[in-house]
1. Between Lys212 and Lys256, what is the FRET efficiency for a Förster distance of 45 Å, r being their Cβ-Cβ separation, to the nearest 0.05?
2. With all pairs of different alpha carbon atoms counted, what Kirkwood hydrodynamic radius in Å does segment 94-245 show?
3. Modelling each spin label as a point 7 Å along the Cα-to-Cβ direction, I'd like the Asp189/Arg120 distance in nm, to one decimal.
4. Give me the extension gain from Asp246 to Ile150: residue separation times 0.36 nm, minus the current Cα-Cα distance, reported in nm with one decimal.
5. Along the Cα→Cβ direction, 7 angstrom out, place labels at Arg198 and Thr134. What is the inter-label distance in nm?
6. Holding the Cα-Cα limit at 22 Å, pick out from Lys212/Lys277; Lys113/Lys146; Lys126/Lys233; Lys113/Lys256; Lys256/Lys277; Lys146/Lys233 the pairs that are longer than that.
7. For segment 149-231, build the charge dipole from Cβ charges (+1 Lys, Arg; -1 Asp, Glu) around the Cα centre, then report which of Asn160, Gln192, Ser172 sits farthest towards its positive end.
8. With only Lys, Arg, Asp and Glu charged, each at its Cβ (+1 for the first two, -1 for the last two), find how big the charge dipole of segment 220-311 is about the Cα centre; round to the nearest 20 debye.
Amino acid sequence: MKNQGSGCARLISRLSFWLGLILILSPFAAYGLEYYWLTHHYPVTSEERAYSGTFSILLGFLAIPAGIVLWALGYILKKIIETLERRQRPQEPEIDEPPIEVDPCAPQAFGYKCAWLAIRTGEPEKVVEALGLTEVRPCSWAEGIKVAYIGRVFVSPPVNGWVFAVSFAFPSEPETIAPFLEEVGGHFDEVQYFGTHRVVEYHAWALARAGKIVRAYAYLGERGETLWDVGPKTPGELELGVNFFDERSPEAKDEKYFERTDLAYPDEEYVMQIAGKWSVNPDLLEEMALPPGSGLTGRLPKQFNQISNPR
């Protein structure tokens with residue numbers, strides 16, 4: 001019955017559309033016939049000549065408005081039918097993701113061209129809860145790191161008192177990292193954020209204690225811009241003894257400033273070194289002789305997912 005109703009409505013739409021078009025064109029056709037009659041039929045009386053065009057003008061006054069109304073109604077009805085049919089069309093079935101390997105395996109190194117959190121806790125389940133992950137399932141280290149690079153979140157088993165949360169989808173700009181870190185950090189004594197991507201030379205690290213950011217730094221080499229610089233350097237940063245160029249410094253107005261050899265630009269190796277000073281360098285996990293383990297993977301809420309919120 002639904003298909004029959006749709007078919008009838010479509011037929012009415014077409015009839016209305018074409019009838020309206022015919023009515024709009026009919027005065028012009030009538031005028032053409034009158035003109036043909038006057039020019040090809042002789043003799044023509046003066047009375048016929050005086051009233052020539054009268055019929056087509058009257059027809060125009062009556063037919064054109066009615067034709068426009070019918071044509072518009074037909075067009076509108078056509079669009080309504082298309083919209084309703086599109087809404088009623090069955091959705092494409094979702095394609096299930098391939099099964100994720102869950103067997104415990106040795107920890108996998110990660111960190112380059114990615115972002116991660118290091119959270120001081122021994123309970124991965126609490127990290128899942130704090131992140132608000134959905135579609136959570138167990139997974140191995142290898143599969144967890146693999147899916148983290150395509151937008152899911154991998155929550156690792158504990159490593160020396162720390163749990164990692166790894167994802168390419170984590171925020172990467174200060175205005176989005178800050179609320180994200182404060183929200184997650186409010187559930188734990190300490191949460192650290194790290195991010196690095198060599199293509200655009202993006203490098204960032206931040207430290208939150210009890211939900212308050214005490215140190216944060218981010219640099220985007222593609223633009224030569226310091227994006228974030230909050231709080232004093234930590235002891236770990238001071239131990240590394242590296243000072244960075246700062247385009248905001250008054251000294252940067254001098255061209256020779258950027259020729260100095262005692263200053264450097266942040267890079268991905270420095271991010272790894274900071275991670276090692278603050279918690280655990282994830283690039284060295286495979287060298288730490290840790291026991292096999294498995295973690296959890298899930299999807300990040302949209303408000304913190306940079307893939308769902310492109311800029």
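1. 0.70
2. Values: mean 1/r = 0.0615 Å⁻¹.
Averaging 1/r across every pair of different Cα atoms and inverting gives 16.3 Å.
3. 0.5
4. The span from Asp246 to Ile150 would gain 31.2 nm if fully extended.
5. Placing both labels 7 Å along Cα→Cβ, they lie 3.6 nm apart.
6. On the way: Lys212/Lys277 20 Å; Lys113/Lys146 13 Å; Lys126/Lys233 29 Å; Lys113/Lys256 32 Å; Lys256/Lys277 32 Å; Lys146/Lys233 33 Å.
In this structure, Lys126/Lys233; Lys113/Lys256; Lys256/Lys277; Lys146/Lys233 lie more than 22 Å apart at Cα.
7. Of the options given, the answer is Asn160.
8. Dipole of segment 220-311, to the nearest 20 debye: 640 debye.
No lab work stands behind these numbers, since they all come straight from the coordinates. All values reported here derive from a predicted model rather than from experimental measurement. Neighbour counts run over all protein chains shown; Cβ positions are idealised from the backbone, glycine included.
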